[in-house]
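Asks: Got a structure for you, questions after.
The values are calculated or read from the model by the stated rules, or taken from the named source; none is laboratory data. Since the model is a prediction, treat every value here as computed from it, not as a measurement. As a convention, Cβ positions derive from the backbone with ideal geometry for all residues, glycine included, and neighbour counts pool all protein chains shown. What goes into the accessible areas is simple: the full protein's heavy atoms, side chains included, and nothing from ligands, DNA or RNA. Shrake-Rupley method; radii C 1.70, N 1.55, O 1.52, S 1.80 Å.
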Amino acid sequence: IENMEKITIFVDGCSINNPGQSGIGVVGYNGKKRIFTVAKTIGLATNNVAEYEALIEAFNIAFKKKYKDIEVFSDSMLVVQQTNSEWKTKDKNMKRLCNIAKDRAGMLKKWSLKYIPREENTEADELSKEGAGGSYKEEEH
């Protein structure tokens with residue numbers, strides 16, 4: 001399933017008690033067909049760190065699978081605006097993660113990152129909660 005036209009990826013991060021045990025959720029679609037899911041624990045982190053880690057995971061997957069055109073959706077306004085250079089990044093750790101995300105995105109041919117409300121990101125949200133709870137699963141569909 002390489003080099004598909006446009007892949008849509010939903011990402012989310014979750015931190016229990018913020019900061020606390022954290023996880024990420026990533027779901028990829030080719031049209032309406034789900035093509036991969038990831039639920040992964042990332043250890044102790046803040047919610048914003050988890051949100052960035054989910055985005056970085058999405059870009060890493062897209063690069064590894066050689067997707068030509070990806071559209072990523074996140075319910076983190078902070079991550080979307082900072083990665084799109086709409087908002088300044090002052091916190092050192094956020095700046096580091098933002099730079100990693102931009103670096104990974106720069107390896108892709110075509111990409112976009114857009115904000116969506118939490119209610120429209122339920123699948124990635126569920127996966128991130130599974131990850132925060134200690135689950136790990138990576139599936140091709």
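Asks: Out of all the residues in segment 11-40, which are open to solvent by 50 Å² or more (accessible area, probe 1.4 Å) and in contact (Cβ under 8 Å) with a residue 24 or more places away in the chain?
Replies: The answer is Ile16, Asn18, Pro19, Gln21, Asn30, Lys33, Arg34.
Asks: Could I ask something else about it? Name every residue in segment 101-141 that is part of a helix (DSSP H, G or I) and out of contact with any strand residue (DSSP E or B) (no Cβ under 7 Å at 6 or more places or on another chain), in order of residue number.
Replies: Ala101, Lys102, Asp103, Arg104, Gly106, Arg118, Glu119, Glu120, Thr122
Asks: Go through segment 10-62 and give me each residue that's assigned to a loop (DSSP other than H, G, I, E, B) and either within 10 Å of the chain's Cα centre (by Cα) or of a type outside the set (A, V, I, L, M) (or both).
Replies: Asn17, Asn18, Pro19, Gly31, Lys32, Thr46
Asks: Now for a different question. Report, by residue number, each residue of segment 71-116 that is of a type in the set (Phe, Trp, Tyr) and either buried (at least 20 other Cβ atoms within 10 Å of the Cβ) or touching a Cys at 6+ places or on another chain (Cβ under 9 Å) (or both).
Replies: Correct list: Phe73, Trp111.
Asks: So Tyr136 ticks every box in (1) out of contact with any Lys or Arg (no Cβ under 9 Å at 6 or more places or on another chain); (2) at pLDDT below 95; (3) loosely packed, with under 13 Cβ neighbours inside 10 Å but one. Which box is left unticked?
Replies: Among (1) out of contact with any Lys or Arg (no Cβ under 9 Å at 6 or more places or on another chain); (2) at pLDDT below 95; (3) loosely packed, with under 13 Cβ neighbours inside 10 Å, the lone unmet condition for Tyr136 is (1).
Asks: Looking at segment 46-68, I want the residues that are among the small types (Gly, Ala, Ser) and have a partner that is open to solvent by 10 Å² or more (accessible area, probe 1.4 Å) and not in a loop (DSSP other than H, G, I, E, B) with Cβ atoms under 8 Å, at least 6 apart or on another chain. Which pairs are those?
Replies: Ala50/Cys14; Ala50/Ser15; Ala50/Ile42; Ala62/Trp111
Asks: Go through (1) out of contact with any Asp or Glu (no Cβ under 9 Å at 6 or more places or on another chain); (2) on the phi < 0 side of the Ramachandran plot; (3) not hydroxyl-bearing (Ser, Thr, Tyr) for Val26 and report which single condition fails.
Replies: The failed condition is (1).
Asks: I've got another one for you. Tell me whether segment 48-59 contains one or more residues that are among the hydroxyl-bearing types (Ser, Thr, Tyr) and open to solvent by 20 Å² or more (accessible area, probe 1.4 Å).
Replies: No.
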